[in-house]
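Worksheet: the structure to be examined is printed underneath.
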Amino acid sequence: MENYMNILAFLIGASTAFFVIFALHILIWREQRTRFQTVLGTIMAVWAVWNLKDIVLTFPGMYNEEVLNWVMLIDGWSALTYTVFVYEVVMPGWTTFRRLLLHSLPFAIFTLLYIVWPSERVIYAYAVFLWCYAWTIVGIGFVKTRRYLSYVRKNFSNIDRIDVLWLKPVFIFAIISQLSWLFVSLYATVLGDIIYYVSSILLWLMVLHYSWNFQPIKTEKETEPEADMLKASKVPPILEGELERVVEGGKLYLRKDLTLADIALELNTNRTYVSNYLSQVRRQTFYDYINQMRIERVSVPLLREHPEYTLEYIASESGFASISTFRRAFRKLKKQNPRQFNAYQSPILP
């Protein structure tokens with residue numbers, strides 16, 4: 001037991017230091033930061049305080065049911081940080097004082113209820129509430145994530161810093177981590193606590209890795225007057241081949257930050273016409289269409305004619321903002337990675 005307590009104390013200290021370092025880096029040492037990064041840094045600071053309080057469990061005689069119940073009550077409030085993080089990713093600007101107050105209300109009610117009536121029934125009811133609350137946030141977040149992904153792929157060709165596909169593994173990891181926390185809280189063991197601290201650090205490392213340079217965008221609702229008319233038609237009123245003529249003739253696909261709005265401007269029309277044409281006639285998103293142009297018109301010829309060129313150079317010349325996006329797009333279109341395609345196309349030298 002003493003050895004477990006020593007390990008637990010070390011992990012509490014390590015996890016607290018982990019969150020403190022990243023909070024300081026984001027909120028103080030980082031010269032420029034977005035609103036999202038400020039929110040992320042604040043979450044790191046809050047988690048540092050939450051972890052530090054757990055050091056009381058390592059004091060002699062403090063690892064008992066009463067203290068553990070209070071720790072669970074306080075830790076349950078951390079669900080708010082997941083809510084803020086997920087909503088700020090898919091709905092930038094969501095966090096306001098009023099919304100935080102409304103979401104905090106049930107947590108405050110359970111805390112006050114336990115002060116008045118310190119019963120195990122309150123703790124179990126709190127656990128049920130946390131379970132329902134977590135799945136509600138995950139469900140809403142999942143729906144909002146799908147809408148966000150659809151929006152960015154319909155409107156942007158470079159989504160490296162605005163893509164949220166990484167939220168899916170984060171959701172899975174978060175669910176597993178919180179299930180372990182709930183189990184440990186209800187059936188406390190020192191070994192379970194150790195597993196929880198390790199999983200929490202891994203979870204937030206994953207989050208920081210994916211969201212370090214993330215720049216969320218606000219999705220727009222259709223407000224153009226033609227929208228209702230266009231939705232009623234099966235095929236948007238745009239001339240067949242006109243989009244291709246403009247995009248290919250002007251080599252617009254070589255612009256690394258090309259957007260749907262840019263194409264609409266070139267066509268002297270609105271985004272709805274272009275988006276509906278792509279989805280209903282070509283059966284593609286704007287993102288996939290532009291990447292296909294880049295690969296077919298530039299990447300494939302360069303790979304065939306210049307096998308000595310690096311993939312980084314080919315990706316840049318094709319209009320891709322990063323080598324990773326180039327690889328993903330190429331593999332999706334050609335069912336093999338660029339290196340394999342290059343090797344297949346290159347003649348075997350004697």
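What Rg and what Dmax come out for the chain when only alpha-carbon atoms are used, in angstroms?
25.7, 86
Taking Cα atoms, how many degrees apart are the long axis of helix 190-211 and the longest axis of the chain, rounded to 10 and kept between 0 and 90?
Compared with the principal axis, the helix lies near 30 degrees.
Whenever you get a sec, compute what percent of the accessible area on the stretch 138-208 sits on carbon and sulfur atoms (1.4 Å probe). Don't skip to the answer; put the middle values down first.
Values: 2280 of 3130 Å².
The C+S portion of the solvent-accessible surface of the stretch 138-208 is 73 percent.
Rg/Rh for the stretch 91-209 to two decimals, with Rh computed the Kirkwood way over all alpha-carbon pairs.
Ratio of gyration radius to Kirkwood radius for the stretch 91-209: 1.05.
Across bins of 10 angstrom width beginning at 0, how are the C-alpha pair distances of the stretch 96-154 distributed, in whole percent?
20, 34, 27, 13, 6, 1
Where only protein heavy atoms count, and the probe is 1.4 Å, what is the accessible area per residue for the stretch 1-123 in Å²?
On the way: 6520 Å² over 123 residues.
Here the per-residue accessible area is 53 Å².
How are the alpha carbon pair distances in the stretch 264-347 distributed across 10 Å bins from zero to the largest one, expressed in percent?
P(r) over the stretch 264-347, rounded to whole percents: 18, 44, 25, 12, 1.
Mind checking the angle between helix 65-76 and the chain's longest principal axis? C-alpha axes, 0 to 90 degrees, to the nearest 10.
30
Calculate log10 I(q)/I(0) of the stretch 75-114 for q = 0.24, 0.25, 0.26, 0.31 Å⁻¹, where I(q) comes from the Debye formula with a single equal point scatterer on each Cα and nothing for solvent.
Values, matching the q order: -0.79, -0.83, -0.88, -1.06.
Quickly rank 52-63, 249-260 as a protection proxy: mean count of other C-beta atoms within 10 Å, highest first.
Working: 52-63: 14.2, 249-260: 15.8.
For the peptides 52-63, 249-260, the packing ranking is 249-260, 52-63.
In degrees between 0 and 90, to the nearest 10, how far off the longest principal axis of the chain does helix 167-186 point, with axes built from Cα atoms?
On a 0 to 90 degree scale, this one is about 10.
For the stretch 31-127, take every pair of Cα atoms, bin their distances at 5 Å starting from 0, and report each bin as a whole percent.
The distribution over the stretch 31-127 is 2, 11, 19, 18, 18, 13, 9, 6, 2, 0, given as percents.
The values are calculated or read from the model by the stated rules, or taken from the named source; none is laboratory data. Remember, it's a predicted structure, so these values are computed and weren't measured experimentally. A quick note on method: Cβ atoms are made from the backbone with ideal geometry, for glycine too, and the neighbour counts reach across all protein chains shown. We work out accessible area using only protein heavy atoms, side chains counted, and drop any ligands, DNA or RNA first. Shrake-Rupley method; radii C 1.70, N 1.55, O 1.52, S 1.80 Å.
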